[in-house]
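Heads up: the structure comes next, in structure tokens.
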Amino acid sequence: MKDQQPIVFIIDDDSSIREGVADLLRSIGLQVQAFASTQQFLDSKRPDAPGCIVLDVRLPGLSGLDSQRVLAISDIRLPIIFITGHGDIPMSVRAIKSGAIEFLTKPLHEQQLLDAVHAGIERDRARREEAEALAELRSRFETLTPREREVLSLVVTGQPNKQIAARLGLSEMTVKVHRSQIMHKTRAKSVIDLVRMNDKLLGGTPTS
């Protein structure tokens, strides 16, 4: 994933701003796609690569802040950098609370924009890598049989083999075999590792 060429999406109805930001980002080797509206962006075919969105707050029709909500509903999780010539504190607070990573005012300071774009790309790259790792982890756990899942649910609570055997009506040796299979299929290095993996899949504390 680190080898994927990142891309920045610019959404601004002002063509001079679009072209200026696009030229700046291309000058440092970034791919850019520019749109005059959020709808154009939504209708476009986007590459599956790390990236972020540079989004104007004041757009005709669907505003930038409304666009932020629509993008979230559409499960488009690209980090957003807001730009505006008419920003105010309540507006910026709302944008940041809703997940934007930066709120920049026009005329744009080039280095601030570049710093924000790089931060956005790295955040998206990390999110994508985390999602990929989680999907791979889920695929391992999906290979477990129903009985192995039952044993797993008790192993992660710290119950010993003897107690698990009694709970499930199995012999202690059978439980040992199931535990061995669980460790092999999930590639867990220890019970602690298994617990962390299980918590991660259930939305608990991420593995380290």
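Does the stretch 98-109 contain at least one residue that is touching a residue at least 60 places away in the same chain (Cβ under 8 Å), out of contact with any Phe, Trp or Tyr (no Cβ under 9 Å at 6 or more places or on another chain) and either of a type outside the set (A, V, I, L, M) or not assigned by TED's automatic domain parsing to the domain that holds residue 26 (or both)?
Within the stretch 98-109 (the criterion being touching a residue at least 60 places away in the same chain (Cβ under 8 Å), out of contact with any Phe, Trp or Tyr (no Cβ under 9 Å at 6 or more places or on another chain) and either of a type outside the set (A, V, I, L, M) or not assigned by TED's automatic domain parsing to the domain that holds residue 26 (or both)), the answer is yes, since at least one residue qualifies.
Identify the single condition in (1) charged (D, E, K, R); (2) free of Cβ contacts under 8 Å to residues at least 24 places away in the same chain; (3) in a helix (DSSP H, G or I); (4) exposed (fewer than 13 other Cβ atoms within 10 Å of the Cβ) that residue 75 does not satisfy, given that it satisfies every other one.
(3)
This table checks each residue for (1) of a type in the set (Ser, Thr, Tyr); (2) at pLDDT below 95; (3) surrounded by fewer than 18 Cβ atoms within 10 Å (Cβ to Cβ); (4) assigned to a helix (DSSP H, G or I).
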{"site": "19", "(1), (2), (3), (4)": "no, no, yes, yes"}
{"site": "54", "(1), (2), (3), (4)": "no, no, no, no"}
{"site": "58", "(1), (2), (3), (4)": "no, yes, yes, no"}
{"site": "67", "(1), (2), (3), (4)": "yes, yes, no, yes"}
{"site": "99", "(1), (2), (3), (4)": "no, yes, yes, no"}
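Do we have any residue at all in the stretch 34-41 that's surrounded by fewer than 20 Cβ atoms within 10 Å (Cβ to Cβ), closer than 24 Å to residue 129 by Cα and modelled with pLDDT of 90 or more?
Looking through the stretch 34-41, none of the residues is surrounded by fewer than 20 Cβ atoms within 10 Å (Cβ to Cβ), closer than 24 Å to residue 129 by Cα and modelled with pLDDT of 90 or more.
The values are calculated or read from the model by the stated rules, or taken from the named source; none is laboratory data. Just so it is clear, the structure is predicted and the values come from calculations on it, not from any experiment. All Cβ positions, even for glycine, are placed from backbone atoms using ideal geometry, and neighbour counts span all protein chains on display.
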